[in-house]
Amino acid sequence: MRKGFVRYLEDIGMTKKLIGRVKEVYDFYEKLVPGEIEAVFVTDYLTSEGTREYENLWFFSKKQCVEAKNFLTTDDFDMDSIIGTIYAWNIEKKDYDFKNATAKSRFNLIFYMVNLRTGHLKASTKNCQYLKHIFLKYILPNLQ
């Protein structure tokens, strides 16, 4: 797994144990995704008590996006082509101006694909900046 991926995971507060689980999932997908896995993203949210919860794990290559749903507790994997398959997206954000993320920032992205599948990525605090990168590099350019 790339060192940059580990830096990202540490930056959003993941422990070594959780990063180990991300590496397990990465190792699974690395054998199946054609080409190089270029980006990683973990959906997260803050509970009403302020605890960060990690939900789904995404990896992106030039042509595919893959998701491991509830990756900390289950093995539920999928893969979709993203090249020219996205026909719509929806962004919901709070206290995030697409420039600076704060402790109050929230960012939800839903994208819709021609095969009737959807992707739902959400971020809180500094993870909003990472989700912005995913949106600009992998989702927006693949809009039909």
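Here is how the numbers come out for the structure above:
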quantity	calculated
Checking HIS120 against (1) in a loop (DSSP other than H, G, I, E, B); (2) loosely packed, with under 15 Cβ neighbours inside 10 Å; (3) touching a Leu at 6+ places or on another chain (Cβ under 8 Å); (4) of a type outside the set (Asp, Glu), the condition it does not meet	(1)
Some residue of the stretch 98-106 being among the hydrophobic types (A, V, I, L, M, F, W, C), crowded, with 16+ Cβ neighbours inside 10 Å and either touching a helix residue (DSSP H, G or I) at 6+ places or on another chain (Cβ under 7 Å) or within 24 Å of ASP11 (Cα to Cα) (or both)	yes
Residue that is surrounded by the fewest Cβ atoms within 10 Å (Cβ to Cβ) [pool: residues in the stretch 39-67 that are of a type in the set (Asp, Glu) and in contact with a strand residue (DSSP E or B) (Cβ under 6 Å, 6 or more places away or on another chain)]	GLU53
Qualifying residue in the stretch 1-15 (condition: of a type in the set (Ser, Thr, Tyr), surrounded by fewer than 19 Cβ atoms within 10 Å (Cβ to Cβ) and within 24 Å of LYS94 (Cβ to Cβ))	no
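For (1) among the charged types (D, E, K, R); (2) closer than 27 Å to SER105 by Cβ, each residue gets a yes or a no:
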residue	(1), (2)
VAL33	no, no
ILE37	no, yes
GLU49	yes, yes
GLU55	yes, yes
PHE60	no, yes
GLN64	no, no
ALA68	no, yes
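Every number in this text was worked out from the coordinates using simple rules, so none of it is lab data. Just so we're clear, the structure is a prediction, and the values are computed from it rather than from any experiment. We place every Cβ from the backbone using ideal geometry, glycine too, and count neighbours over all the protein chains shown.
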